[in-house]
Structure formats: C-alpha cells, structure tokens
Amino acid sequence: MSRPTIMIAGAGGIGQAVALLIAEQNAFEANIYLGDIDIEKANNTLLWVQSSVPSEIIMKSFRMAGDGLMAEMKEALDKSDVLLYCLPGSLVPTMASY
C-alpha cells in the first residue's frame, strides 16, 4: 500500500495538533502538506512536529493565498488523498470552490 498524502489547511493551534497526532501514529506513515497564509507559521509548525516525533513522515509546507489558488496549493491539493480543514469556518465556501 502506498503512503497516503494528507493536506492540512491551516497551521494554527488545531492544524498543529492534527499534524502532531498524525506524526505520532505508528499504524501508518504518511506524507503531509501543511499550508497557511503565513508561511513562517507553517514552516515553524513542521519544524516543531519533526523535532517532537521521530517519524518517517515526509512533510512539506506551502503558502496559501488569501484570495485565489496559488501553484503550491494546487500541487498540494492534486497530490493529496485527504484534506483536513483547520481554518476558520467562514473560509469553507472558498476552500470548497478549489
């Protein structure tokens, strides 16, 4: 079975917790894309998760645009098997349109 690829939209508190929980799972290994409008926050979250959990998870961060679909986000969506939405509820219609 190939490794699942999971896209986490949002690197705030909930996105951080979700990334950590996935990384801690020994039942499967995954690839994770973690996106946020603040790329520094996404990068810091990935570094924090990687330093907290010795894991074989492949993680990559990307910047999400406030208005529109950037190439990095499109790549993450295209390659992902699952989207975990960790953004404010008001952004659901925008995200669903992608």
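The values are calculated or read from the model by the stated rules, or taken from the named source; none is laboratory data. Everything numeric here is computed off the predicted structure, so don't read it as measured data. Positions of Cβ are generated from backbone atoms using ideal geometry, with glycine treated the same way; all protein chains shown enter the neighbour counts. These accessible areas exclude ligands, DNA and RNA; they are computed on the full protein's heavy atoms, side chains included. Shrake-Rupley method; radii C 1.70, N 1.55, O 1.52, S 1.80 Å.
Quick notes on this one:
- Database remark: amide H of MET70 closer than 5 angstrom to the amide H of ALA65 (H placed geometrically; neighbours at sequence offset of 5 or more, or on other chains; Pro and chain starts carry no H).
- Taking 20 Å as the straight-line reach from the Cα of LYS79, the aspartates and glutamates in range (excluding those fewer than 8 positions away in the same chain) are GLU29, ASP36, GLU56.
- Sequence ranges 73-79, 31-37, 18-24, ranked by mean other-Cβ count within 10 angstrom, highest first: 31-37, 18-24, 73-79
- Cα centroid separation - region 21-91 against region 1-16, whole Å: 4 Å
- Partner aspartates and glutamates whose Cα lies under 18 Å from the Cα of LYS41, excluding those fewer than 8 positions away in the same chain, are identified as GLU72.
- The chain: C-alpha gyration tensor shape, a/c 1.5 cut-off, then a/b vs b/c: prolate
- Theoretical ellipticity at 222 nm over the chain - DSSP helices of four or more residues, -39500 (n - 2.57) apiece, nearest 500: -12000 deg cm²/dmol
- Virtual spin-label span in nm between LEU20 and ASP38, 7 Å along Cα→Cβ: 1.7 nm
- If you plug the beta carbon distance of ASP78 and SER52 into 1/(1 + (r/R0)^6) with R0 = 35 Å, you get a FRET efficiency near 0.75.
- For region 1-56: accessible area per residue (Å², 1.4 Å): 54 Å²
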